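Inspection log for the structure reproduced underneath, given as structure tokens.
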Amino acid sequence: GDSVTQMEGPVTLSEEAFLTINCTYTATGYPSLFWYVQYPGEGLQLLLKATKADDKGSNKGFEATYRKETTSFHLEKGSVQVSDSAVYFCALSGKGGGNKLTFGTGTQLKVEL
Amino acid sequence: DTGVSQNPRHKITKRGQNVTFRCDPISEHNRLYWYRQTLGQGPEFLTYFQNEAQLEKSRLLSDRFSAERPKGSFSTLEIQRTEQGDSAMYLCASSLGQGPHEQYFGPGTRLTVT
């Protein structure tokens, strides 16, 4: 079945550091890929998405590129802020099946001054 | 836009009791999803509705679980004879149309079974 693997956290960075959170997936066909973010005390929010190979999703300075050849969708940001501290979830939506989401386990990011 | 709402936000119950959660999706959204999230894990799919029809159920959804979406509006998730293993955050999400549209999540209902 479909699955998502993302790097374990917590990831602790200093403000303005470069961020990479790795995400790889297993799925039949060509799924759509998502990054969701959960800020402390809040619900899950979509951060960005990509629906086909080589697409780049971007939002709020974050970006991720759908790499079919490596089945990856790594999240990057050039300069993190304290306000980016949150848990980040990589997810996929397979073709058919009502577009239900399969999530990774989440990566906690802590950004310090 | 009021977003997806869920009630109650927290529920503490004793093992063996029945509980029911409610989800109100964004009004024009025709798809509604239920997920379960345990500590340190990502959400896991339970079931989804398109309008009032329940189209898929995960193997995680044992026969003690039942979900409804009468009239294609709000949805309820009932757990009968709760067990300690049912303790989790239950998340509801809704989306508009078919295809990989964004799912909007509610704040969740945290269930604790003692």
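The values are calculated or read from the model by the stated rules, or taken from the named source; none is laboratory data. Everything numeric in this text was worked out from a predicted model, so none of it was measured. Here the Cβ is made from the backbone with ideal geometry for all residues, glycine too, and neighbour counts use every protein chain on show.
Within the range B:51-61, is even one residue in a loop (DSSP other than H, G, I, E, B), within 12 Å of chain A (Cβ to nearest Cβ) and among the hydroxyl-bearing types (Ser, Thr, Tyr)? Yes; the residues of the range B:51-61 include at least one that is in a loop (DSSP other than H, G, I, E, B), within 12 Å of chain A (Cβ to nearest Cβ) and among the hydroxyl-bearing types (Ser, Thr, Tyr). Restricting attention to the range A:73-107 and to residues that are crowded, with 16+ Cβ neighbours inside 10 Å and of a type in the set (S, T, N, Q), the residue that is nearest to residue B:97 (Cα to Cα) turns out to be A:99. Here the condition is being of a type in the set (Ser, Thr, Tyr), more than 10 Å from every other protein chain (Cβ to nearest Cβ), out of contact with any strand residue (DSSP E or B) (no Cβ under 9 Å at 6 or more places or on another chain) and loosely packed, with under 14 Cβ neighbours inside 10 Å; of A:28, A:70, A:20, it holds for A:28 alone. Being within 20 Å of residue B:42 (Cβ to Cβ), modelled with pLDDT of 95 or more and small (Gly, Ala, Ser) is true of residue A:72. Exactly one residue out of A:33, A:101, A:92 is in contact with a Lys or Arg (Cβ under 8 Å, 6 or more places away or on another chain) and either on the phi < 0 side of the Ramachandran plot or at pLDDT 95 or above (or both): that is A:33. For the range B:52-109, residues that are farther than 30 Å from residue A:57 by Cβ and not charged (D, E, K, R) total 19.
Under the condition of being assigned to a strand (DSSP E or B) and among the basic types (Lys, Arg), the residues counted in the range A:39-72 number 3. If only residues of the range B:4-53 that are within 19 Å of residue B:64 (Cβ to Cβ) and touching a Pro at 6+ places or on another chain (Cβ under 6 Å) are counted, the one that is surrounded by the most Cβ atoms within 10 Å (Cβ to Cβ) is B:35.
Among residues of the range B:83-97 being closer than 14 Å to residue B:28 by Cβ and part of a loop (DSSP other than H, G, I, E, B), the one that is farthest from the other protein chains (Cβ to nearest Cβ) is B:96.
Summed over the range A:54-67, the residues that are under 19 Å from residue A:44 (Cβ atoms) and crowded, with 17+ Cβ neighbours inside 10 Å give a count of 3. Remark: residue B:40 falls outside the filter, which requires a residue to be of a type outside the set (Val, Ile, Thr), within 12 Å of chain A (Cβ to nearest Cβ), within 21 Å of residue A:98 (Cβ to Cβ) and not in a strand (DSSP E or B).
Hey, could you check the range B:3-34 for residues that are outside any strand (DSSP E or B), within 15 Å of residue B:96 (Cα to Cα) and not hydrophobic (A, V, I, L, M, F, W, C) and say which is farthest from the chain's Cα centre (by Cα)?
The residue in question is B:28.
What about residue A:77, is it modelled with pLDDT under 95 and either basic (Lys, Arg) or touching a Cys at 6+ places or on another chain (Cβ under 9 Å) (or both)? Steps first, answer last, please.
Working: modelled with pLDDT under 95: no; either basic (Lys, Arg) or touching a Cys at 6+ places or on another chain (Cβ under 9 Å) (or both): yes.
The answer is no for residue A:77.
Within the range A:73-113, the set of residues being part of a loop (DSSP other than H, G, I, E, B), within 14 Å of chain B (Cβ to nearest Cβ) and over 16 Å from residue A:51 (Cα atoms) comprises A:104, A:105, A:106.
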